[in-house]
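What follows draws every value from the coordinates through simple rules; no lab data is involved. This is a predicted model, so every value here is computed, not measured. Cβ coordinates were reconstructed from backbone atoms using ideal geometry, including for glycine residues, and neighbour counts include every protein chain displayed.
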Amino acid sequence: MLTVHHLNNSRSQRILWLLEELEVEYEIKHYKRDPDTNRAPAELKAIHPMGKSPVIEDGDDIVAETGAIIVYILDKYGEGKLRPERGTQEYLDYVHFLHFAEGSAMLPFLLALYTGYLGEAAAPLQPIIMNEIKGVLDYCEYRLIRNEYFAGDKLTGADIQMIFPLEAAKARGRLKGFEACNEFVEKIHKRPAYLKALERGGDYAYGPK
């Protein structure tokens, strides 16, 4: 059976949601963040050298990185669900947002988080970082005003990938004025599969309040 190595308050919550949407049976191995550093525990390095979550085990296959895991699961278990037809604009958008979420969207949010520990030393960088965050959210707003989901009018793996950056932005009060982004997050938070994934996953600071 497929096993998800799941870290609390992390990107791996998306994989639980994906599996619930597909109604695929899976097991969870839970890990807790270090209370002092908030980092993943060293035990995860026994599964994958990077020591990060999510990681899945499926027979002899070990797959890390959220986007790669989404592709793997949809290829093996999706039966055509949550993925647009190849050769369509929706498919190109789906592939784009699978990579955009971690390749572009998360970087300025992480920079804001890490430079926040530097206090005044980071002050010169803050306007640049805030401008980058605004650019990401403006782009997401533009997409979601024109489409119900990121790759068209149907839920796809791209939405499962994109929920985390928007949840993180919302948790830090950065979605004020971005109505389409807010509506997207609220809509996802009401999905039965998402709520079931929360029940199984445990602590998650970015879910519905």
Within a Cβ distance under 11 Å of LYS196, other residues only, what is the Lys/Arg minus Asp/Glu net charge? -2
Per residue, what volume in Å³ does the convex hull of the Cα atoms of region 68-209 enclose? 125
Note to self, the chain gives a 222 nm [θ] from helices alone (DSSP H runs n ≥ 4, -39500 (n - 2.57) apiece, / all residues, nearest 500) of -15000 deg cm²/dmol
Name the shape class, rounded, prolate or oblate, that the alpha-carbon gyration tensor gives for region 99-165, where a ≥ b ≥ c are the square roots of its eigenvalues, rounded holds for a/c under 1.5, and otherwise prolate holds if a/b is larger than b/c and oblate otherwise. prolate
Scalar couplings 3J(HN,Hα) for region 118-123 by Karplus 6.51 cos²θ - 1.76 cosθ + 1.60 (θ = phi - 60°), nearest whole Hz, x for Gly and Pro, are 8, x, 4, 4, 8, 3
How large is ³J(HN,Hα) for each residue in region 183-194, as worked out from phi by the Karplus curve 6.51 cos²θ - 1.76 cosθ + 1.60 (θ = phi - 60°), to whole Hz, x for Gly and Pro? 5, 4, 4, 5, 5, 5, 5, 9, 5, x, 5, 5
The rounded separation in angstrom of the Cα centers of region 11-68 and region 151-184 is 22
Which of the three applies to region 1-142, rounded, prolate or oblate, going by the alpha-carbon gyration tensor with a ≥ b ≥ c and a/c under 1.5 meaning rounded? oblate
What order, most packed first, do the peptides 165-172, 178-185 have when packing is the mean number of other Cβ atoms within 10 Å of each residue? 165-172, 178-185
Once amide H atoms are placed 1.01 Å from N in the peptide plane, what residues at a sequence separation of 5 or more from GLY152, or on another chain, have their amide H within under 5 Å of its amide H? none
Sorted peptide list for 27-37, 13-23, criterion being average Cβ within 10 angstrom, highest first: 13-23, 27-37
Provide the per-residue ³J(HN,Hα) series for region 195-209, in order, calculated from phi with Karplus coefficients 6.51, -1.76, 1.60 and θ = phi - 60°, each as a whole number of Hz, with x at glycine and proline positions. 5, 5, 4, 5, 4, 7, x, x, 3, 7, 6, 9, x, x, 8
Too-long pairs where the Cα-Cα distance tops 23 Å, listed order kept, from LYS32/LYS187; LYS32/LYS76; LYS187/LYS209; LYS81/LYS190; LYS154/LYS187; LYS52/LYS209: LYS32/LYS187; LYS32/LYS76; LYS52/LYS209
Counting pairs of alpha carbon atoms under 8 Å apart in space and at least six apart in sequence, what relative contact order in percent does region 3-135 give? 18
